[in-house]
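Visitor: Got a structure here, written out as structure tokens. Questions coming.
Each reported figure results from applying straightforward, stated rules to the coordinates on display, with no laboratory input. Only a predicted model underlies this, so the values are computations on that prediction, with no experimental measurement involved. All Cβ positions, even for glycine, are placed from backbone atoms using ideal geometry, and neighbour counts span all protein chains on display.
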Amino acid sequence: MSEQNHIGWDRDADGVVTLTMDAPGQSANTMNRAFIEALGPVLDRLEAEKDEIAGVVVTSAKKTFFAGGDLNELIQARPEDAADVMARNLQIKALLRRLETFGRPVAAAINGAALGGGLEIALSTHHRVALDVKGTEIGFPEVTLGLLPGAGGVVRSVRLLGITDALLKVLLQGQRYKPAAALEIGLVHEVVATPTELLAAAKAWVLANPEAKQPWDVPGYRIPGGDPKNPKFAANLPAFPANLRKQLKGADYPAPRNILAAAVEGARLDFDNAMTVEARYFVELVTGQVAKNMTQAFFFDMQKVTNGASRPAGYEPWTATKVAVLGAGMMGAGIAYVCARGGIEVVLKDVSVEAAQKGKAYSAELLDKAVARGKMTREAADSVLARIHPTADAADTAGADLVIEAVFESPELKAKVFGEIQDVIAPDALLGSNTSTLPITGLARAVKRPADFIGLHFFSPVDKMPLLEIIVGEQTSDAAIAKAFDLAKQIKKTPIIVNDSRGFFTSRVIGRFLDEAMAMLDEGLRPNSIEQAGSQAGYPAPPLQLMDELTLTLPQKIRNEARAAAGPDWVEHGSGIVLNRMIDEYGRGGRSAGAGFYEYVDGKRAGLWPGLREAFPPHVGIPFQDMQERMLFAEALDSVRCLDEGVLRSVAEANVGSILGIGFPAWTGGVIQYINGYEGGVTGFVARAKELHGKYGERFAVPQSLVEKAERGERVE
Ligand code: NAD
């Protein structure tokens, strides 16, 4: 592959060389082997022809500037490849170092997204001009894939912005900035509106700055805001790891830990040594398991899910124009908000106009906040709010092409509210229910058009939670599934499509986590150890706390129904005993009841309920690892059953849905990647599950399908 077709070279009459990155046969430029091989000769030529060159502009022929590391390559790296990965990393670093030091001014003309490696290339130039078009995002999302920007991203951002800003604004959270925001924090120098201005501005800058140097190459340079050698700054340093631990709630995420270490250690060293330190921390991440897990879930699986791998083929794209949201309670109010933001006219119906107006007021509050934070203009906010029409009159739903029902969790009530509107709305409207537990097939029996009936399961708070679980009933048509998928995209949610069953995928599997925690309480384990085990396993909320939020009464009701249905075959789970006693003996139904596993003072959580010690006296201890893995394995094993039963349709949806919907720890890569990535792979997982089965009960029995995969040495795909 020649440099001409990978990185175009064009020298104009002023002596400015425009390097146009254009990876052959790829839709985006990535930092793969071919790119690195092409970059070497380009630098040789720049150095050789330096006398005829006034400056350099780096840009791209693709829609994006540069996409970053080649994740297909990175995900393959094993611990035994560490030396190779290190060598390649140092090679990339050396090439970019040559670009910023060969003696001529270099500007980046950022024509589209510059994420990860793209920003690292841009930071290796002396001046960055960004084009303000849709899709131009600038930042280091590596941390969200369990990685760090290893082509100098840590070292240069620290030296450009200072340790604190680099960590908090760029490195630790993987923020993606639009050009104006990138300008404000100092990642770019100029923002322009058209491609012509972009190249012109970059060229003008190099011509005007023949002596350009990186700030860190100017004698006397100091890291902005101080470096760790400065006693005042050093005094603040211990707060960094402490804050990070607090933010991660004790869970061990290697990427933020390594980013912090690379930033702080690197700041004590000269540029070249800082680069070597960054390389070591990068290699450790790349060859480790967590980066593989997170890259699988947040890149590969996410891509499959959002590209519509599960959307039935052959249906025209669909756009909802008017939705009837039935029920303006907590969920209905949130659903009205996301629909209105997605450009849909919303009829928000409750039993009284006052109740519906209260639901609308929720949107007003969220919009005011968005305006106050500068995320939205007042005009835009007003026009979103104007789309929401509160009412108590079914006639107002006339012509709606979509219904989303969110009344109380009662089949009779749901049947009644659909009955009120089904002859008023458009004759082919999609009929969605936001039920979190009731089987869709059963609810569909109450409507005239069961083929158009589908589950649209949102998560609370609706405006923040990114997942939409679409549930397919026995009679749901493919056309309805395709519409539901398109709706998710329209309102900016990530859809997974699952088949009907009690609790679908998400409510069913999260139940396994919560059941396990309550069973441990029943066994006599200390409640604060259970909470700690959950947090340190990486769950966003500890299980008993989460149980309180979700309320204890609904699971008890479901449990009682299941018990009655099973008759003498019923095997009691420790969690059932805990639920019954908490509600029936102590009247503690969860947060909304003002009392649960925790105490609540003025509506605020105030520590675990001291009475728990008497109610469930702690008298045993088991290994902490067992506590954590009982929760993780209970969910993972039930997800395999969901795949076997056809409730889940794909591994990608299982992984994405479990992280985005029910807080399965992100470091695992999701419920199924956790199994594939477990130490020893599926075989290792099965061996460990058998141990848990022997020690803790039938629910850890390994599904036959998984045993067979382990025997054949296969992954769950
Ligand atoms: P909620 O009690 O906050 O709201 C229910 C609303 O329905 C109330 O405003 C009530 O006045 C209204 N309503 C009752 N009868 C009505 C009628 N005949 N016509 C119109 N409106 C009527 O409940 P919620 O938490 O918003 O839950 C609603 C649904 O969403 C339930 O099916 C629930 O299972 C499901 N869900 C809840 C959550 C959650 O976290 N709360 C998550 C996902 C799904």
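Visitor: Taking 8 Å as the Cα distance limit and 6 or more residues as the minimum spacing, I'd like the relative contact order of the chain as a percentage. Provide the component values of the computation, followed by the final result.
Guide: Working: 1345 pairs, mean separation 66.5, N = 717.
Relative contact order for the chain comes out at 9 percent.
Visitor: Can you compute 3J(HN,Hα) from phi for each residue in segment 129-146, using the Karplus curve 6.51 cos²θ - 1.76 cosθ + 1.60 with θ = phi - 60°, rounded to whole Hz and x for Gly and Pro?
Guide: Whole-Hz 3J(HN,Hα) from phi for segment 129-146: 10, 10, 8, 8, 10, 4, x, 6, 10, 10, x, 10, x, 3, 4, 6, 9, x.
Visitor: To the nearest 0.05, what FRET efficiency results for A564 and K448 with a Förster distance of 35 Å applied to their C-beta separation?
Guide: 0.65
Visitor: Tell me the angle of helix 330-341 to the major Cα principal axis of the chain, expressed in degrees between 0 and 90 and rounded to the nearest ten.
Guide: 40
Visitor: While we're on this one: Would you mind calculating the gained length between A606 and S529 on full extension (0.36 nm times residue separation, minus the Cα-Cα distance), in nm to one decimal?
Guide: Fully extending the segment from A606 to S529 adds 26.0 nm.
Visitor: Next up: Can you show me the helix-derived [θ] at 222 nm for the chain, built from DSSP H runs with n ≥ 4 at -39,500 (n - 2.57) apiece and divided by the number of residues, rounded to the nearest 500.
Guide: So the calculated ellipticity at 222 nm is -14000 deg cm²/dmol.
Visitor: What shape does segment 385-441 take by its C-alpha gyration tensor, where a ≥ b ≥ c are the square roots of the eigenvalues and a/c under 1.5 counts as rounded, a/b above b/c as prolate, and the rest as oblate?
Guide: prolate
Visitor: Taking 25 Å as the cut-off for C-alpha to C-alpha distance, list the pairs among K169/K489; K178/K249; K246/K464; K304/K414; K322/K349; K349/K557 that go past it.
Guide: Cα-Cα > 25 Å for K169/K489; K178/K249; K304/K414; K349/K557; rest within.
Visitor: Could you pull out every one of the aspartates and glutamates with an alpha carbon less than 17 Å from that of K493, ignoring same-chain neighbours closer than 8 positions?
Guide: D301, D463, E469, E653
Visitor: Do you know the relative contact order of segment 478-580, to the nearest whole percent, from alpha carbon pairs under 8 angstrom that are 6+ apart?
Guide: For segment 478-580, the relative contact order is 28 percent.
Visitor: For K604, K448, what's the fewest-to-most ordering of other Cβ within 10 Å of each Cβ?
Guide: Starting with the residue having the fewest Cβ neighbours, the order is K604, K448.
Visitor: Report Rg(Cα)/(2.2 N^0.38 Å) for segment 208-282, keeping two decimals.
Guide: 1.34
Visitor: Let me ask something additional. Quick check for you: which residues of segment 513-540 have the amide N under 13 Å from the point 7 Å beyond the Cα of T437 toward its beta carbon?
Guide: 515
Visitor: Here's another thing I want to ask about it. Stretch L237-Q173 to full length: gain in nm at 0.36 nm per residue minus the Cα-Cα span?
Guide: This chain segment gains 21.2 nm when fully extended.
Visitor: Would you please state the base-10 log of I(q)/I(0) at q = 0.08, 0.09 1/Å for the chain, with intensities from the Debye formula using one equal scatterer on every alpha carbon?
Guide: -0.73, -0.92
Visitor: Could you give the distance between the Cα centres of segment 153-216 and segment 555-572, to the whole Å?
Guide: 61
Visitor: Next up: Just to confirm my numbers, what's the Cα centroid distance between segment 330-351 and segment 67-111 in Å?
Guide: 47
Visitor: Contour minus end-to-end for F102 and E316, with contour as 0.36 nm per residue of separation and end-to-end as the Cα-Cα distance?
Guide: 71.7 nm is the gain from fully extending F102 to E316.
Visitor: Give me the three principal axis extents of segment 316-447 from the C-alpha atoms, as integers in angstrom, largest value leading.
Guide: Reported extents, whole Å, longest axis first: 47, 33, 27.
Visitor: Taking the Cα atoms of segment 195-237 alone, what are Rg (to one decimal) and Dmax (as a whole number) in Å?
Guide: When restricted to Cα atoms, segment 195-237 yields Rg and Dmax of 17.3, 49 Å.
Visitor: Another one. Note the angle between two axes, namely the Cα long axis of helix 681-696 and the longest principal axis of the Cα atoms of the chain, as a number of degrees from 0 to 90, rounded to the nearest 10.
Guide: Here the helix axis deviates by roughly 30 degrees.
Visitor: For segment 673-695 and segment 4-24, what is the centre-to-centre distance using only Cα atoms, to the nearest Å?
Guide: 52
Visitor: Let me ask something additional. Would you mind getting me the FRET efficiency between Q704 and R373? Use the beta-carbon distance for r and R0 = 45 Å, nearest 0.05.
Guide: Plugging the Cβ-Cβ distance into 1/(1 + (r/R0)^6) gives 0.30.
Visitor: If you don't mind, there's one more thing I want to ask. Karplus couplings for segment 407-418 from phi (6.51 cos²θ - 1.76 cosθ + 1.60, θ = phi - 60°), rounded to Hz, Gly and Pro as x?
Guide: 8, 3, 6, 9, x, 5, 5, 4, 4, 5, 6, 5
Visitor: If the cut-off is a Cα-Cα distance under 26 Å, which lysines reach K695, setting aside same-chain residues fewer than 8 apart in sequence?
Guide: Leaving aside lysines fewer than 8 places away in the same chain, those within reach of K695 are K709.
Visitor: How do H619, H6 rank when sorted from fewest to most other Cβ atoms within 10 Å of their own Cβ?
Guide: H619, H6
Visitor: Does anyone have the angle between helix 33-48 and the longest principal axis of the chain? Alpha-carbon axes, 0 to 90°, nearest 10?
Guide: With rounding to tens, the tilt is 20 degrees.
Visitor: Within 10 Å, count the other beta carbons around each residue, average over each peptide in 317-325, 331-339, 409-417, and list them highest first.
Guide: Sorting 317-325, 331-339, 409-417 by mean packing, highest first, produces 331-339, 317-325, 409-417.
Visitor: With the crude spin-label approximation of a point 7 Å out along Cα→Cβ, what separation in nm comes out for E585 versus F624?
Guide: 2.9
Visitor: Among the aspartates and glutamates, select those whose C-alpha is under 14 Å from the C-alpha of K63, and discard any that sit fewer than 8 residues away in the same chain.
Guide: K63 reaches D22, D132, E137.
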